[in-house]
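Below you'll find the structure, written out as structure tokens, and then a few comments.
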Amino acid sequence: MTLTTELADVLSAAALRWEEVAFQPGPADRPGAEKGVRLAYRAAGLTEPEKIIWVDSPAAGARAIATLGAGRPVREAVRTGPWERARAEVHASLGPTDWPLAWSLTGGRLWDPVSRLVTQIRRGIAATEESEIVAAALRASTLDAVLGQQDAPWLSLFDALGRPEVAGLVQVARSAGWWWPFERVAIVCERPAELHLDELSRLHRAEGPALLFPDGFAVHAWGGMPVPAGFAASMATLTPERIRAEENAELRRVMLEHFGYDRYLAESGATPLHQDETGVLWRIDLPDDEPVVMVEVVNSTAEPDGTFRKYWLRVPPSTRTAREGVAWTFGMSEADYHPALET
């Protein structure tokens, strides 16, 4: 097999379809998912499960494992074995040069955003328990799950190439969320009821949970970072005092970015560290965190209304002069920075 232009187009189109699958909310196609589960068992040389149990979230699935006498787990046979066989066949067919190119068009494109989502679901499940022992057990149980729709990165490549080993897994992924295969029972999850992303495919929502399952299991996130429930709604009433009082450094950074560094400086009564012909150097000291140091520069070209736009450049905390900071943004030392023309 050679990665021709036509095949590359096929793989790129498959990645787009599977991106939709990975982040698709709404009710599962239960008949389709159950058909896929049975096909996956048969493809693995196993007897079909006696029972398929539906749960409304991965959190509910992780808890169900501890209470059901489902027999031994068969994930290795159902998921890992077919994946390894498909990968070996495709790698051998494409060769060492075209394999990484094919992966970059499919799984490589989807891997980071989908993996971020999976990680946040796992963290969210662990966070539902106050007991560290129980939380660790729930998180460990998620590692035994077949990820269903979130197996999109690698399924996008193998599905596009028509690998028969993964046909059952493809059917489940297009129909439902995570699932756990056991000897006698398969536990299958509904898809999220709601899933909200920003332009970078990160979980993000201001008005409520960014990820919500039918049973109420939810993940609140802002710009991809998990936040407490109600955090996003509080952003509308931020003050410099509230930002300084936030003990979590990561949340404080999110607050600052949303509030605006320029507004924070103006409303907190900050004074500049240094000023020269290149701009003004400002510093924001934060408790238990490195200071935010920024250079305020003014665009030398006027806007259509005759005003001059200001920009804020984040620079290292060690910066001592505005000129040093501006030079750093160009990858230069202060001594070497001699702009011939400003634009």
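The values are calculated or read from the model by the stated rules, or taken from the named source; none is laboratory data. Nothing here was measured: the structure is a model prediction, and the numbers come from that model. Counting neighbours? That spans all protein chains shown, and the Cβs are built from the backbone with ideal geometry, glycine included. When the accessible area is computed, the model is the full protein with side chains, heavy atoms only, and any ligands, DNA or RNA have been set aside. Shrake-Rupley method; radii C 1.70, N 1.55, O 1.52, S 1.80 Å.
Residues of the stretch 268-287 that are exposed (fewer than 13 other Cβ atoms within 10 Å of the Cβ), modelled with pLDDT under 85 and either among the hydroxyl-bearing types (S, T, Y) or farther than 20 Å from L238 by Cα (or both): T271 alone. Can you tell me which residues in the stretch 296-326 are polar (S, T, N, Q) and within 33 Å of the chain's Cα centre (by Cα)? Residues satisfying the conditions are S318, T319. Residues that are of a type in the set (K, R), farther than 20 Å from E334 by Cβ and surrounded by 12 or more Cβ atoms within 10 Å (Cβ to Cβ) within the stretch 288-320 comprise just one, K310.
Only one of these is in a strand (DSSP E or B), among the hydrophobic types (A, V, I, L, M, F, W, C) and touching a residue at least 24 places away in the same chain (Cβ under 8 Å): L281, L286. Name it.
Details: L286 fails: in a strand (DSSP E or B).
Going through L281, L286 in turn, the sole match is L281.
Among the residues of the stretch 42-63, those that are open to solvent by less than 60 Å² (accessible area, probe 1.4 Å), out of contact with any Pro (no Cβ under 8 Å at 6 or more places or on another chain) and not hydrophobic (A, V, I, L, M, F, W, C) comprise P58, G61.
For the stretch 92-182, please list each of the helices (runs of 4 or more DSSP H) lying entirely inside it that holds at least 1 residues being out of contact with any helix residue (DSSP H, G or I) (no Cβ under 7 Å at 6 or more places or on another chain), open to solvent by less than 40 Å² (accessible area, probe 1.4 Å) and modelled with pLDDT under 95.
107-127
Within the stretch 211-237, the set of residues being within 12 Å of the chain's Cα centre (by Cα), part of a loop (DSSP other than H, G, I, E, B) and farther than 30 Å from W54 by Cβ comprises just one member, G223.
The residues of the stretch 188-218 that are of a type in the set (A, V, I, L, M, F, W, C), in contact with a Phe, Trp or Tyr (Cβ under 9 Å, 6 or more places away or on another chain) and open to solvent by less than 50 Å² (accessible area, probe 1.4 Å), listed by number, are V188, C189, L195, L203, A206, A210, L211.
Within the set A62, A28, A77, A14, the sole residue that is part of a helix (DSSP H, G or I) and in contact with a Gly (Cβ under 9 Å, 6 or more places away or on another chain) turns out to be A77.
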